[in-house]
Amino acid sequence: VIGSGILTRGGKLLLYASSGLGKTTLMDYLTASLASGTPFLGRFDVDRPYRVLVVQGELSEPELASHGQALLEHFGGTPAAGNLVFWLNTQLKLPSGEEELAEVVRSKKAEVVVLDPFICFFEGESTDKDVQVGQLTSTLDRLLEDKTLGVQAVAVVHHSNVQKHRTA
């Protein structure tokens, strides 16, 4: 999907860093590159435009609108505006919300799904528990495996653990 293996067809990408370092902004530009079919960071080729669904669980409506406006200005005149869908949802928890997510993916014809940030969609008690994290990532695997949905790749933005413990 993106040259040099940054995001591959059928693959998952985890963008992970401390809070405030620009993960969401970087992911915004990645999704806009995917939606427009333009090279990511002007360097990594995207094989074609994709329909991208960004499920945002953390930003406020004005913040999300600001991000969207910045992308429109940067990628103006490209297919990005028609292929990039933001869904602000602060209540979606996975895996219990899997059907709701699949329905939105289906209705928006999303080929790439982005969750930002991971913790807003996490239903478990602790991200250092492999089993609990596995329930969420298994949901993403099922999105990729369900051929009726047509999801080509998924990406997740994740804050590093405040206590600096290992994340599962």
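The values are calculated or read from the model by the stated rules, or taken from the named source; none is laboratory data. Small disclaimer: the values here were computed from a predicted structure and weren't measured. Glycine gets a Cβ as well: all are built from the backbone with ideal geometry, and neighbour counts include every protein chain shown. These accessible areas exclude ligands, DNA and RNA; they are computed on the full protein's heavy atoms, side chains included. Shrake-Rupley method; radii C 1.70, N 1.55, O 1.52, S 1.80 Å.
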How do the pairs read when you match residues in segment 31-46 that are without any contact (Cβ under 8 Å) to a residue 40 or more places away in the chain with residues anywhere that are of a type in the set (Val, Ile, Thr) and open to solvent by 40 Å² or more (accessible area, probe 1.4 Å), using Cβ under 9 Å and keeping only pairs 6 or more apart or on different chains?
40/6
Selected residue (criterion: surrounded by the fewest Cβ atoms within 10 Å (Cβ to Cβ)) from residues of segment 59-75 that are charged (D, E, K, R) and at pLDDT 90 or above
61
If I ask for residues that are open to solvent by 10 Å² or more (accessible area, probe 1.4 Å) and in a strand (DSSP E or B), which ones from segment 25-56 would you list?
40, 44, 46
Take residue 17 and decide whether it is farther than 16 Å from residue 158 by Cα, modelled with pLDDT under 90 and among the aliphatic types (A, V, I, L, M).
no
Take the residues of segment 2-24 that are hydroxyl-bearing (Ser, Thr, Tyr) and surrounded by 12 or more Cβ atoms within 10 Å (Cβ to Cβ): which is farthest from residue 70 (Cα to Cα)?
8
Could you check, for segment 145-164, whether at least one of its residues is at pLDDT below 90, open to solvent by 60 Å² or more (accessible area, probe 1.4 Å), over 16 Å from the mean Cα position of the chain (by Cα) and polar (S, T, N, Q)?
yes
Only helices (runs of 4 or more DSSP H) wholly contained in segment 76-136 count here; list those with 2 or more residues that are open to solvent by less than 30 Å² (accessible area, probe 1.4 Å).
98-108, 118-121
